[in-house]
1. Would you check if A133 is within 21 Å of the chain's Cα centre (by Cα), farther than 14 Å from D154 by Cβ and either touching a residue at least 40 places away in the same chain (Cβ under 8 Å) or surrounded by fewer than 23 Cβ atoms within 10 Å (Cβ to Cβ) (or both)?
2. Looking at the structure I just gave you, is V261 surrounded by fewer than 10 Cβ atoms within 10 Å (Cβ to Cβ), modelled with pLDDT under 75 and among the hydrophobic types (A, V, I, L, M, F, W, C)?
3. Would you call V146 touching a helix residue (DSSP H, G or I) at 6+ places or on another chain (Cβ under 6 Å), crowded, with 17+ Cβ neighbours inside 10 Å, in contact (Cβ under 8 Å) with a residue 60 or more places away in the chain and farther than 20 Å from D215 by Cβ?
4. With away from ligand 2 (no atom under 16 Å from the Cβ), touching a residue at least 24 places away in the same chain (Cβ under 8 Å), among the small types (G, A, S) and on the phi > 0 side of the Ramachandran plot as the only criterion, which of G85, G112, G103 stands out?
5. With (1) more than 11 Å from ligand 1 (Cβ to nearest atom); (2) at pLDDT 90 or above as the list, and A78 as the residue in question, which single condition is left unmet?
6. Is there a residue in the range 189-212 that is at pLDDT 80 or above, of a type in the set (S, T, Y) and away from ligand 1 (no atom under 15 Å from the Cβ)?
7. Testing F298 on (1) closer than 21 Å to L80 by Cα; (2) modelled with pLDDT under 80, one condition comes back false. Which one is that?
8. Residue under question is V89, and the condition is that it be under 11 Å from L157 (Cα atoms) and more than 16 Å from ligand 1 (Cβ to nearest atom); does it hold?
Amino acid sequence: MLISIVVPCFNEEEILERFHARVTDEIARLGHEFQLVYVDDGSRDGTLPILETLAAVDPRARYLSFSRNFGKEAAMLAGLQHAEGDAVVIMDADLQHPPELIGRMLEEHALGNDQVIARRTRKGDRVTRTVGARAYYWLINRLVDVELVDGVGDFRLLSRRTVDAILELTEYNRFSKGLFAWVGFRTTTFSYENAVREQGRSAWTFGKLLNYGLDGLLSFNNKPLRAALYLGLLLLSLALAYATWIVGVALVRGVDTPGYVTLLVVVTALAGVQMVMVGVVGEYVGRIYYEVKRRPHFLVKASNISPSQGPRPPQEPHPARGLVRR
Ligand code: UDP
Ligand code: MG
């Protein structure tokens, strides 16, 4: 059995060699054939030269390097496309995903699991981020159709057929947590204690997290559109009822002139609601705009993978696919 390890790297020069040494130590004990697929996501530091050196020394290492930073989602996609293994493990380069867990993942895979997820605890995280994450997952699981779990990230093992299924999802806006959950198959989860980042710092700022959260919400369903529609209908019926009441009162008691405040409140509230709705619609239109352009997910500027080796040819569409869409 060949196992591929996909590693997205963005400005990881300080830790890459250590990462490679730790992982190769670990896999030497496991007795499978291994292959490492490093994806340099347009790093601006010495990540690429290090990858070139690693690949020159170790034939198990292959790499590709993007022309600029395309984001971790694109890097993972490229890695999956170029991974040939019967099972693929995705892990971060910063050693926050302990290589010691690969063995455990392979055991679970041997038991027939297609996805083996390592779920991190939130130990050592800042309280704000922990609370934020809790609230977010509570909310999002009420809104999207797939189940998303706190602490479950991209550190996981995927069977060949799961990888093929993921590669069939060619959408431009990729929210991999959702994509992984969407493809399904037999999935098992185990927990591990979160390791604090050793070198460098997390590329996630608060703003990026917020945008990521919004992506998750919007790329998986059209419930926000529904919510906007219902809210609009609710407000419309309230306004009609209120109008009937006012007219009724005026007919019975004659016209008087209060209501300035009511008027102002209603007008501003409605304007706000409409802005929100236009925003929601706009988000979806924006997504469609990006999807229809059909741009490649990434551009490669350097690689030691010969064109004949990859990317894997697109799979034959499954006959049943496309009949049921969510
Ligand atoms: N990463 C990437 N492209 C990016 C940002 C991050 O490929 O634009 C990689 C990064 O090198 C690391 C992994 O994705 O291997 C996770 O990134 P990070 O540690 O910054 O995120 P966190 O662990 O805080 O979720
Ligand atoms: Mg990290």
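The values are calculated or read from the model by the stated rules, or taken from the named source; none is laboratory data. All values reported here derive from a predicted model rather than from experimental measurement. FYI the Cβ positions are ideal-geometry reconstructions off the backbone, even for glycines, and counts take in every protein chain you see.
1. Numbers: within 21 Å of the chain's Cα centre (by Cα): yes; farther than 14 Å from D154 by Cβ: yes; either touching a residue at least 40 places away in the same chain (Cβ under 8 Å) or surrounded by fewer than 23 Cβ atoms within 10 Å (Cβ to Cβ) (or both): yes.
Criteria met by A133.
2. Yes, satisfied.
3. No.
4. Numbers: G85 fails: on the phi > 0 side of the Ramachandran plot; G103 fails: on the phi > 0 side of the Ramachandran plot.
Going through G85, G112, G103 in turn, just one is away from ligand 2 (no atom under 16 Å from the Cβ), touching a residue at least 24 places away in the same chain (Cβ under 8 Å), among the small types (G, A, S) and on the phi > 0 side of the Ramachandran plot: G112.
5. For A78, the failing item is (1).
6. Checked against the condition, which is being at pLDDT 80 or above, of a type in the set (S, T, Y) and away from ligand 1 (no atom under 15 Å from the Cβ), the range 189-212 yields at least one hit.
7. Going through the list (1) closer than 21 Å to L80 by Cα; (2) modelled with pLDDT under 80, F298 breaks only (2).
8. Values: under 11 Å from L157 (Cα atoms): yes; more than 16 Å from ligand 1 (Cβ to nearest atom): no.
Judged against the criteria, V89 is not a match.
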